[in-house]
Amino acid sequence: MTDIRRFALRTDDGKEIGIFTGKSPRQAALKVANAYGGSKEMPATVKLREFTKRKMHVFEVWKDVVDAPANKPAWLPAKINKAFVKKIKIEKMTTPVKIKE
């Protein structure tokens, strides 16, 4: 069983505006896609800094409105949001990160 990992969402100017969790960077990026969107034609580029490591995961994220599956529960609407991610690269961070907690 793997532990839940934490990832900080960073803006282009280096500010961290949110923390997303997941067992993998992709899982956290899917949560970002649902929260912040983007479209297939114009995906949003997000950077997720991994806590306890000097890695920055860069993704393109977007979400589309799709038909719900045929075996959906009764409470689920006919159209749902589906998140998509595409990993661009992993950047190594050279400077230590100072975190205010």
Inset, instruction - Please find, within the stretch 17-36, the residue that is surrounded by the most Cβ atoms within 10 Å (Cβ to Cβ) out of those that are of a type in the set (Lys, Arg) and within 11 Å of residue 83 (Cβ to Cβ). - result: 31
Inset, instruction - Report yes if residue 14 is among the small types (Gly, Ala, Ser), part of a loop (DSSP other than H, G, I, E, B) and either in contact with a Phe, Trp or Tyr (Cβ under 9 Å, 6 or more places away or on another chain) or surrounded by 10 or more Cβ atoms within 10 Å (Cβ to Cβ) (or both), otherwise no. - result: no
Inset, instruction - Inspect the stretch 58-66 for any residue being loosely packed, with under 10 Cβ neighbours inside 10 Å and not charged (D, E, K, R) and give the result as yes or no. - result: yes
Inset, instruction - Could you look through the stretch 37-47, keep only residues that are surrounded by fewer than 16 Cβ atoms within 10 Å (Cβ to Cβ) and farther than 17 Å from residue 66 by Cα, and pick out the one that is farthest from the chain's Cα centre (by Cα)? - result: 42
Inset, instruction - Select, from 41, 91, the only residue that is out of contact with any Phe, Trp or Tyr (no Cβ under 8 Å at 6 or more places or on another chain) and part of a strand (DSSP E or B). - result: 91
Legend entry - Residue check, residue 72 free of Cβ contacts under 8 Å to residues at least 12 places away in the same chain, more than 13 Å from the chain's Cα centre (by Cα) and within 19 Å of residue 4 (Cα to Cα): no
Inset, instruction - Take the stretch 17-40 and flag every residue that is under 19 Å from residue 89 (Cβ atoms), in contact with a Leu (Cβ under 9 Å, 6 or more places away or on another chain) and not small (Gly, Ala, Ser). - result: 20, 25, 32
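Bear in mind these aren't lab numbers, they're just calculated from the coordinates by the rules spelled out. Because the structure is a prediction, the values reported are computed rather than measured. Cβ coordinates were reconstructed from backbone atoms using ideal geometry, including for glycine residues, and neighbour counts include every protein chain displayed.
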